[in-house]
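The values are calculated or read from the model by the stated rules, or taken from the named source; none is laboratory data. A quick note: this is a predicted structure, and the numbers were derived from the prediction, not measured. FYI the Cβ positions are ideal-geometry reconstructions off the backbone, even for glycines, and counts take in every protein chain you see.
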Amino acid sequence: MHFNKCSEATRNPNPTPDLNPNLNVSKTMQAAYFLRAFTVINSASPTSSTMQRRRSIRRAAYASMARAAGNRRAWSRAVLRRLHRGVCLSSSARRVVIRRRIRVSRPREPGQADVLRSLVPGGKAMDFCNLLEETATYIQCLSAQVRRGRKDIRWVYYPG
Amino acid sequence: MSSRRSRITEEEINELISKLHSLLPESRRRSGASRASAAKLLKETCSYIKSLHREVDDLSDRLSGLMATLDTNSAQADIIRELLRS
């Protein structure tokens, strides 16, 4: 997918508007991004299976989310690192990745803290306080990305 | 060995947790939530993140399926290509 507005979540409440101010309709921009992404994905491997395309789209979704947040958040840095390494981003796919274990002292924490750590990218290396802050922006960006995805699908049916 | 973070107060943690709580959708917020324990709120947050992940997966599924059927030679694709060129 494409860049979303999650930069709002990590910065100020007045984000910069569309990249090209001459295009006065953001829907058009969105449609353009969508078709561009579609063209790129399709031309890269026109005979790829739906499964491979799905993976590409998923990666693009998380990539655009992380790039929009930039280096400002630990979770976005973690996502970008994983993308560079070609590591599977999904928590549903089981793949063994050898990681460096970073030991962090864990004073009293609610039991769910570890579950949260496994859900937020880079969470395992964070102390509890950072984890809570990172989780907040991660949720905001994820939900913005989901909203974008729904709009993309609606656009396919109602491109007007 | 105390790190610089060891003096985070319970109050600060509670504040961060309630901020998380405010990010949950309406349906996931309990009534009288101010009294819900930190553990319950975290649990709800985890469940919400998992559902968002599932939704990204689901949307990717649907989009990739749609892409397979979308005719790139259609008129709407031509219009968008023109826009990309301008």
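Please determine whether any residue of the stretch B:19-30 is more than 7 Å from chain A (Cβ to nearest Cβ), assigned to a loop (DSSP other than H, G, I, E, B) and at pLDDT below 85. Walk me through it before giving the result.
The first filter runs over the stretch B:19-30 and keeps only residues more than 7 Å from chain A (Cβ to nearest Cβ), leaving B:21-22, B:24-30.
Applying the additional criterion that residues be assigned to a loop (DSSP other than H, G, I, E, B) yields B:24-25, B:29-30.
Then keep just the ones that are at pLDDT below 85; that gives B:29-30.
Checked the stretch B:19-30: at least one residue is more than 7 Å from chain A (Cβ to nearest Cβ), assigned to a loop (DSSP other than H, G, I, E, B) and at pLDDT below 85.
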Open item on the list: at pLDDT 80 or above and exposed (fewer than 14 other Cβ atoms within 10 Å of the Cβ): which single residue out of A:73, A:85, A:54 fits that description?
Closed with: A:85
